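Asks: Below you'll find the structure I mean.
The values are calculated or read from the model by the stated rules, or taken from the named source; none is laboratory data. Just so we're clear, the structure is a prediction, and the values are computed from it rather than from any experiment. Every residue, glycine as well, gets a Cβ built from its backbone with ideal geometry; the counts of neighbours run over all protein chains shown.
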Amino acid sequence: MAQQGIQDLVGRLMIDKEFLAALVRDPGPILAEYDLAVEERAAILEAASRAGQAPDPERMRSFQAGLMKRWAT
């Protein structure tokens, strides 16, 4: 099975709250399933790290907003 790219990852994060929560909690195993450029992976890990410092609902919104700004355009 071919690995999915950043568009697939961001799309799933926008619609699947459980997937988003799992990525923020422990991004390594999830990111391993995606074919990401080094800078894409670094940006997601940075966003997850920043989001991990906020309360749960705020953390999820913060993470989604960060990804939207970077890849939704």
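Asks: Quickly run through region 18-33 and pick out the residues that are touching a residue at least 12 places away in the same chain (Cβ under 8 Å) and more than 11 Å from the chain's Cα centre (by Cα).
Replies: Glu33
Asks: Sticking with this one: Does Leu9 qualify as being closer than 17 Å to Gln64 by Cα and either among the small types (Gly, Ala, Ser) or touching a residue at least 12 places away in the same chain (Cβ under 8 Å) (or both)?
Replies: On the way: closer than 17 Å to Gln64 by Cα: yes; either among the small types (Gly, Ala, Ser) or touching a residue at least 12 places away in the same chain (Cβ under 8 Å) (or both): yes.
So Leu9 fits the description; yes.
Asks: Output yes when any residue across region 34-52 is surrounded by fewer than 18 Cβ atoms within 10 Å (Cβ to Cβ), assigned to a loop (DSSP other than H, G, I, E, B) and at pLDDT below 85, and no when none is.
Replies: Yes, region 34-52 contains at least one residue that is surrounded by fewer than 18 Cβ atoms within 10 Å (Cβ to Cβ), assigned to a loop (DSSP other than H, G, I, E, B) and at pLDDT below 85.
Asks: Starting from region 34-49, keep only residues that are in contact (Cβ under 8 Å) with a residue 12 or more places away in the chain, then list their pairs with residues that are of a type in the set (Lys, Arg) whose Cβ atoms are within a distance under 7 Å, requiring at least 6 positions of separation or different chains.
Replies: Close Cβ pairs satisfying both conditions: Ala43/Arg70.
Asks: Additional query: Looking only at region 1-33, how many residues end up being part of a helix (DSSP H, G or I) and surrounded by 13 or more Cβ atoms within 10 Å (Cβ to Cβ)? Give the derivation first.
Replies: In the first step, residues of region 1-33 are kept if they are part of a helix (DSSP H, G or I); the result is 6-15, 17-25, 27-31.
Pick out the ones that are also surrounded by 13 or more Cβ atoms within 10 Å (Cβ to Cβ) and you get 6, 8-14, 19-24, 27, 30-31.
Within region 1-33, residues that are part of a helix (DSSP H, G or I) and surrounded by 13 or more Cβ atoms within 10 Å (Cβ to Cβ) number 17.
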